[in-house]
Amino acid sequence: MWVDTFSNSKNKSGWMSLMLLSPPLGIISGYIMTAWLINHVRWEISFYIQGVIMILCFILTLFVPHIYCEIDLV
């Protein structure tokens with residue numbers, strides 16, 4: 001719905017492709033990062049890296065303009 005609402009008809013298919021590719025690419029990059037950390041450092045560090053990335057995403061979400069994110073609390 002977000003893509004239908006905020007993208008123009010010219011770029012709609014590209015936006016939809018990016019939205020659908022994001023979860024698998026994130027999972028694959030997480031597996032690759034963890035595999036590398038297991039072989040070179042310690043596996044626990046992958047959890048710390050994931051935590052830092054999640055905190056950064058939360059902070060960036062706070063700065064999204066309200067026009068793109070409508071939340072009714074009632």
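Determine if region 2-15 includes at least one residue that is on the phi < 0 side of the Ramachandran plot, touching a Lys or Arg at 6+ places or on another chain (Cβ under 9 Å), assigned to a helix (DSSP H, G or I) and at pLDDT below 85. First the steps, then the outcome.
Within region 2-15, the subset on the phi < 0 side of the Ramachandran plot is 2-15.
Of the ones still in play, those that are also touching a Lys or Arg at 6+ places or on another chain (Cβ under 9 Å) are 3-4.
Those still in the list that are assigned to a helix (DSSP H, G or I) too: 3-4.
The next check asks that each one be at pLDDT below 85; those that pass are 3-4.
Looking through region 2-15, at least one residue is on the phi < 0 side of the Ramachandran plot, touching a Lys or Arg at 6+ places or on another chain (Cβ under 9 Å), assigned to a helix (DSSP H, G or I) and at pLDDT below 85.
Of the residues that sit in region 29-74 and are outside any helix (DSSP H, G or I) and aromatic (Phe, Trp, Tyr), which one is nearest to Met1 (Cα to Cα)? If you could, list the steps in order and put the result at the bottom.
Start the filter on region 29-74 by keeping residues that are outside any helix (DSSP H, G or I), which leaves 41-44, 63-65, 69-74.
Filter once more, so that each one left must be aromatic (Phe, Trp, Tyr): 43, 63.
Working: Trp43: 38, Phe63: 21 Å.
Once the filter is applied, the top-ranked residue is Phe63.
This table checks each residue for (1) of a type in the set (Gly, Ala, Ser); (2) in contact with a Phe, Trp or Tyr (Cβ under 9 Å, 6 or more places away or on another chain).
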{"site": "Gly14", "(1), (2)": "yes, no"}
{"site": "Ser29", "(1), (2)": "yes, no"}
{"site": "Leu37", "(1), (2)": "no, yes"}
{"site": "Glu44", "(1), (2)": "no, no"}
{"site": "Val64", "(1), (2)": "no, no"}
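The values are calculated or read from the model by the stated rules, or taken from the named source; none is laboratory data. Fair warning: this is a prediction, and the values are worked out from it, not measured in the lab. Positions of Cβ are backbone-derived with ideal geometry, glycine not excepted, and every protein chain shown enters the neighbour counts.
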